[in-house]
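Enquirer: Take a look at the following structure, please.
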Amino acid sequence: MLNLRSASRRQLTLMVAGAGVVIALAAAALLPVPYVILSPGPTLNTLGRAGKHELISVSGRHTYPVNGHLNLVTVSFQGGPSDHFNLFTALQAWLTPHYAVVPEQELFGPGQSQQQVTRQDTQQMVSSQETATAAALCQLGIGFTTLDTVLTTEKGMPAASALRKGDVIKAVDGTPVTCRHTTSSLIRARRPGSSVTLAISHGQARRQVRLRTVPLQGHAVIGVTIGETYRFPFNVKINVGQIGGPSAGMMFALGIIDKLSPASLTHGRFIAGTGELASASGEVEPIGGIQQKLAAARAAGATVFLTPAANCHDAAGAVPAGLRLIKVSTLRGAVGDLQALNAGKPVPSC
């Protein structure tokens, strides 16, 4: 015989559970999640054209014919403070090869809007283009002017009483400031506690300042923030449209070097890569989204990928078939590696 009381309890339990499932599904579909989806983005040949224009154009200096590819790679993202998505979209992306789902705060700082991040990315792109030009000319031994300008001094530090905003540091202990010898590198090369003499210009005024360095994490410092700008002897223009961020710096520099050099860096190969240039001296800094960039490069046809040394660990296990990684830590090293590759010599790999 059917126990009506037991049946009704089972039905009630099923109804409550079903309602819970419906509510959970509705919440998952309607409530945004604080994540961002990263996916392979566009890739552009720095030796080719971007729309109607050359991606890198040089005027006022002889250039040489180029071939092959030196492609910059990018990461596209979905999500952010004004573009939230639901849990189902996040799960779908998580299951999609070469996509990544990361916390929103990895791309957006506290209270940052997407417009603010876009403006920041644009500024970083402009800065990376200037640094790339300086690094390329520095690598080629083409002279230009490096301007190390005081932005701020730190209270209580040696520079606070002697330097002011707008001062241009021309030399340290008689060594001129250049792309290879910046103010920071020249001071850090001193023993902490030793004195340094700075040659300063401010407008038409010239003076010398002698300061005693202090130790910070084992290095000599004077407590000054420097803004580095350059004056070039000819014009280099880079056209990338709406792409932002600093991570294409190394590939811009390699593209400029190839155009200004008689010997080809590519020998017709399809080479891609990434890496931020920290300064005109050419140190290659790590970047984000390396796995998506590897996928974008291979999908575009690249067979060689220049990888910042610090990103090699992140690239492990994510290298597409047919793509060879070359580990680089400096622009000079990247040029040497490409020359070695062309000569059939061994190159460092991740």
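No lab work stands behind these numbers, since they all come straight from the coordinates. What you see is a predicted model; the values in this text were computed from it and never measured. Here the Cβ is made from the backbone with ideal geometry for all residues, glycine too, and neighbour counts use every protein chain on show.
Enquirer: With Cβ to Cβ distances under 13 Å as the rule, what net charge do the other residues near V304 carry (K, R +1; D, E -1)? It would help to have the intermediate numbers written out before the result.
Expert: Values: positive: R269, R298, R324, K327; negative: D337.
Local charge sum for V304: +3.
Enquirer: Measure nothing fancy, just the Cα-based angle from helix 290-300's long axis to the longest principal axis of the chain, in degrees from 0 to 90, nearest 10.
Expert: Its long axis makes an angle of about 90 degrees.
Enquirer: Rank these for me by crowding, S184, S329, going from fewest to most other beta carbons within 10 Å. All intermediate terms of the calculation are to be shown ahead of the outcome.
Expert: Numbers: S184 20, S329 16.
Fewest to most other Cβ atoms nearby, the residues stand as S329, S184.
Enquirer: On a 32 Å Cα-Cα criterion, which of the cross-link pairs K52/K293; K52/K165; K259/K293; K155/K293 come out too long?
Expert: On the way: K52/K293 25 Å; K52/K165 42 Å; K259/K293 24 Å; K155/K293 42 Å.
Distance filter (> 32 Å) returns K52/K165; K155/K293.
Enquirer: What is the list of residues in the range 96-124 whose amide nitrogen lies under 16 Å from a point 7 angstrom out from the Cα of L151, following Cα to Cβ?
Expert: 120-124
Enquirer: If you don't mind, another one. R231 to I243: extension gain in nm, 0.36 nm per residue of separation minus the Cα-Cα distance? Don't skip to the answer; put the middle values down first.
Expert: Values: separation 12, 0.36 × 12 = 4.32 nm, distance 2.47 nm.
Taking 0.36 nm per residue and subtracting the Cα distance, the gain is 1.9 nm.
Enquirer: Determine ³J(HN,Hα), in whole Hz, for all residues of the range 90-106 in sequence, where each value follows from phi through the Karplus function 6.51 cos²θ - 1.76 cosθ + 1.60 and θ = phi - 60°; x replaces Gly and Pro.
Expert: 5, 5, 4, 5, 4, 8, 8, x, 6, 9, 9, 10, 10, x, 4, 5, 5
Enquirer: Under a no-solvent Debye model with one identical scatterer per Cα of the range 21-154, what's log10 I(q)/I(0) at q = 0.13, 0.17 Å⁻¹?
Expert: Relative scattering, expressed as log10 I(q)/I(0), comes to -0.82, -1.07.
Enquirer: Compute the helix-to-body angle for 331-342: its Cα long axis versus the longest principal axis of the chain, expressed 0 to 90° and rounded to tens.
Expert: Value to nearest ten degrees: 80.
Enquirer: Shifting gears a bit: So what's the back-of-envelope 222 nm ellipticity for the chain, counting only DSSP H runs of four-plus at -39500 (n - 2.57) apiece and dividing by all residues, rounded to 500?
Expert: Details: 8 runs with 107 residues, N = 350.
Computed ellipticity for the chain at 222 nm equals -10000 deg cm²/dmol.
Enquirer: A follow-up question, please. So for the range 163-312, taking the charge dipole from beta-carbon charges (+1 Lys/Arg, -1 Asp/Glu), which of V224, S185, M251 sits furthest toward the positive end?
Expert: Farthest along the dipole direction, towards plus: V224.
Enquirer: What's the whole-number percent of alpha carbon pairs in the chain lying beyond 36 angstrom?
Expert: Working: 22714 of 61075 pairs.
Summing the P(r) of the chain above 36 Å gives 37 percent of all pairs.
Enquirer: With axes computed from alpha carbons, what is the tilt in degrees of helix 4-30 against the longest principal axis of the chain, rounded to the nearest 10 within 0 to 90?
Expert: 20
Enquirer: I would also like to ask the following. In what sequence do L70, L277, L211, L137 fall when counting other Cβ within 10 Å, fewest first?
Expert: Ranked by crowding around the Cβ, least crowded first: L211, L137, L277, L70.
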